[in-house]
Number of protein chains: 2
Amino acid sequence: MIMPESIMPSLQDIQKAAERLNGVATRTPLLPSIILSEELGAQVFIKPENLQRVGAFKFRGAYNRLCQLSDTEKARGVVAFSSGNHAQGVALAAKLLDIHAIIVMPTDAPVMKRDNTLGYGAEVIEYDRETESREEIADAIAADRKSVVVSSFEDFDIITGQGTAGLEIMEQGQELGITFDQFFCPIGGGGLISGCATAIKGISPATEIYGIEPEGFDDVKRSLEMGSRQSNKQQAGSLCDALLSPSPGINTFPIMQKYLESVLTVNDDEALVAVKYAWDKLKLVVEPGGAVALAALLAGKVDVREKTICLLFSGGNVDAAIFELALGR
Amino acid sequence: MIMPESIMPSLQDIQKAAERLNGVATRTPLLPSIILSEELGAQVFIKPENLQRVGAFKFRGAYNRLCQLSDTEKARGVVAFSSGNHAQGVALAAKLLDIHAIIVMPTDAPVMKRDNTLGYGAEVIEYDRETESREEIADAIAADRKSVVVSSFEDFDIITGQGTAGLEIMEQGQELGITFDQFFCPIGGGGLISGCATAIKGISPATEIYGIEPEGFDDVKRSLEMGSRQSNKQQAGSLCDALLSPSPGINTFPIMQKYLESVLTVNDDEALVAVKYAWDKLKLVVEPGGAVALAALLAGKVDVREKTICLLFSGGNVDAAIFELALGR
């Protein structure tokens, strides 16, 4: 099922989202990395969305969605499901807009992510990732309360909100007089990369867009190869907890079909190597799922030599035990 | 002994240093922190010099010094002593300028700092911090080879090089339309804070400058109170290995006398709390000595409410064992 291009988000839609987020979301810097440039033989820039509010890009889309709800919708509260970063994004956006939020989170969600979600004032309901359907739980709550379900990647305003990270990359690159040959971005359900690709391709059609998924959760890679949406066999079992969406979004898949060069996969070991590299050499705290773009590059999965590239760190919310596992490598 | 003002570095001297470092040192971003602003009830900005080349501000001064050596001096090589960050700064600057560097490092220097110094191609000679004089060892090597000794904080070009961090803070603040009420900066020998204060006070005389030292190594605090240079009783015994200079510099002391509002002290526990906070909430990797400004603010040692403030992270080179000690808090 291909979404008609006429209803796909445009660069202008992302620019409008950026206006809504102006002064609310953090304009994260574009960091040139001399050490990574030497390591990869490329001119490397990092967009550190781990430095975004809630420690992940997810605040962008959540706020862009929630700020446009009607007063009636705001009064009824919102429901969302997420392993953690979308949970935190919705919880903080709801707090800032004075909206009650109920978040359905898996029992194996990182403790930091659950604690922060509670800390922003949201109500958390747990489910078992292997045996229960988070969609069904969220839908039941929403039906009962007539609440809006805030999708983590299917929604137009979520996609355009996440895309503001890509718009900033282009604006910040232009300030430096830089054109990017390649952009590398983690993929869960595809909201971030769809929005970013829309902004980047809208300004620089020649920039190649690469997505990165965890091994065993390569639904987007297989879907693009098959030409139709495929699902993952497993729902859990990777340290990249932020990237375990079961299949590409109905709305993000056609955007990814249109814009993505290809999708690379990395295993947990490679993700941990990247987490340690970011700590050791870049002095940035990145969670395993947030570091998969760096992981793919450090593992040499694509030729970047002599290129000007940007890679995005999507989040930095990681429990100490997992972080120490990375440092021990 | 007060240095005549006529030979103190000026704002213009720091601007000249910035020209030498343009395109060589990283222009680290000025990061607004919403979460820290809420925590402290202030408008908080961070200058993350842990994101500088070699993971610390020290590259600025080292390059500014070494790039001005004569060809004869360059050919004879340089000597420096340092527990690690200055070591790395001199080693990398020397590598870039094709100069042989010998670095005298204490046996208890962090492994990461020694390994990186070796990695940049420097020759490392170890000494015992408690029983040997690093100055004497370095002077003997320098006399033998007719080499320049690159001081970590006494030298004019070192001070002006470090001051470029302060100049950037003012330029980046001006771009945002911000005037800083207060600036918070770690103190070892005083090179960084002297240079930064010169730049900041040169542009904004009303900005208050606060220095932070580790408890038990508060030589600058006591020196300012006594009106003459005092020494620390101990030479080792703090996790803030970057800040254990025995006494204020002859050349930095009068600059600190002129510009500093006061000096605060923090203990190792408070420094570790700040290291963890930076990891947890800011997603930045900071070493204990690099985090003392944040430590002082989190411990409520000075009133910052309603103020617009900037704090500087001076470095992020920390061994995994110490980092995990912080995460375990």
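The values are calculated or read from the model by the stated rules, or taken from the named source; none is laboratory data. Just so we're clear, the structure is a prediction, and the values are computed from it rather than from any experiment. Ideal geometry is used to build each Cβ from the backbone, glycine not excepted, and the neighbour counts take in all protein chains shown. Areas reflect the complete protein model, heavy atoms only, side chains present, ligands, DNA and RNA absent. Shrake-Rupley method; radii C 1.70, N 1.55, O 1.52, S 1.80 Å.
So the values come out like this:
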quantity: Candidates A:Glu39, A:Glu73, A:Glu49, filtered to the one that is of a type in the set (D, E, K, R) and assigned by TED's automatic domain parsing to the domain that holds A:Glu123; calculated: A:Glu73
quantity: Any chance A:Ser83 is surrounded by 19 or more Cβ atoms within 10 Å (Cβ to Cβ), closer than 26 Å to A:Ala321 by Cβ and either within 21 Å of the chain's Cα centre (by Cα) or within 12 Å of chain B (Cβ to nearest Cβ) (or both); calculated: yes
quantity: Residue within the stretch B:173-181 that is aliphatic (A, V, I, L, M), surrounded by fewer than 19 Cβ atoms within 10 Å (Cβ to Cβ) and in contact (Cβ under 8 Å) with a residue 24 or more places away in the chain present; calculated: yes
quantity: Any hit, the stretch A:41-56, residues being part of a helix (DSSP H, G or I), more than 10 Å from every other protein chain (Cβ to nearest Cβ) and surrounded by fewer than 23 Cβ atoms within 10 Å (Cβ to Cβ); calculated: no
quantity: Tally of residues being more than 11 Å from B:Val150 (Cα to Cα) and at pLDDT below 95 across the stretch B:64-87; calculated: 3
quantity: Hits in the stretch B:115-130 - residues which are crowded, with 22+ Cβ neighbours inside 10 Å, assigned to a helix (DSSP H, G or I) and free of Cβ contacts under 8 Å to residues at least 40 places away in the same chain; calculated: B:Thr117
quantity: Any chance A:Met112 is touching an Asp or Glu at 6+ places or on another chain (Cβ under 8 Å) and within 14 Å of chain B (Cβ to nearest Cβ); calculated: yes
quantity: Only listed residue being free of Cβ contacts under 8 Å to residues at least 60 places away in the same chain and either within 24 Å of B:Ala321 (Cβ to Cβ) or touching a helix residue (DSSP H, G or I) at 6+ places or on another chain (Cβ under 7 Å) (or both), chosen from B:Ala143, B:Ala101; calculated: B:Ala101
quantity: Pairs, first more than 30 Å from B:Gly55 (Cβ to Cβ) in the stretch A:17-34, second aliphatic (A, V, I, L, M) and open to solvent by less than 50 Å² (accessible area, probe 1.4 Å), C-beta under 7 Å, six or more apart; calculated: A:Ala18/A:Leu167
quantity: Extreme residue, farthest from the other protein chains (Cβ to nearest Cβ), among residues of the stretch B:57-80 that are of a type in the set (D, E, K, R) and over 24 Å from the mean Cα position of the chain (by Cα); calculated: B:Arg76
quantity: Answer from B:Leu243, B:Leu284, B:Leu239, B:Leu298 - the residue that is farther than 15 Å from B:Asp218 by Cβ and at pLDDT below 95; calculated: B:Leu239
quantity: Residue among B:Ala109, B:Ala62, B:Ala75, B:Ala94 that alone is outside any strand (DSSP E or B), aliphatic (A, V, I, L, M) and in contact with a Ser or Thr (Cβ under 6 Å, 6 or more places away or on another chain); calculated: B:Ala109
quantity: Where a residue in the stretch A:70-82 is within 13 Å of A:Ala122 (Cα to Cα) and its partner, wherever it lies, is in a loop (DSSP other than H, G, I, E, B) and open to solvent by 50 Å² or more (accessible area, probe 1.4 Å), with Cβ under 9 Å and at least six apart; calculated: A:Gly77/A:His100; A:Val78/A:His100
quantity: When residues of the stretch B:21-40 are limited to those that are in contact with a Phe, Trp or Tyr (Cβ under 9 Å, 6 or more places away or on another chain), open to solvent by less than 20 Å² (accessible area, probe 1.4 Å) and away from every other protein chain (no Cβ under 11 Å), the one farthest from B:Lys301 (Cα to Cα); calculated: B:Leu21
quantity: Residue match in the stretch B:65-78 (condition: β-branched (Val, Ile, Thr) and surrounded by fewer than 24 Cβ atoms within 10 Å (Cβ to Cβ)); calculated: yes
quantity: Selected residue [closer than 19 Å to B:Asp219 by Cβ and either surrounded by 18 or more Cβ atoms within 10 Å (Cβ to Cβ) or free of Cβ contacts under 8 Å to residues at least 24 places away in the same chain (or both)] from B:Ile200, B:Ile169, B:Ile158; calculated: B:Ile158
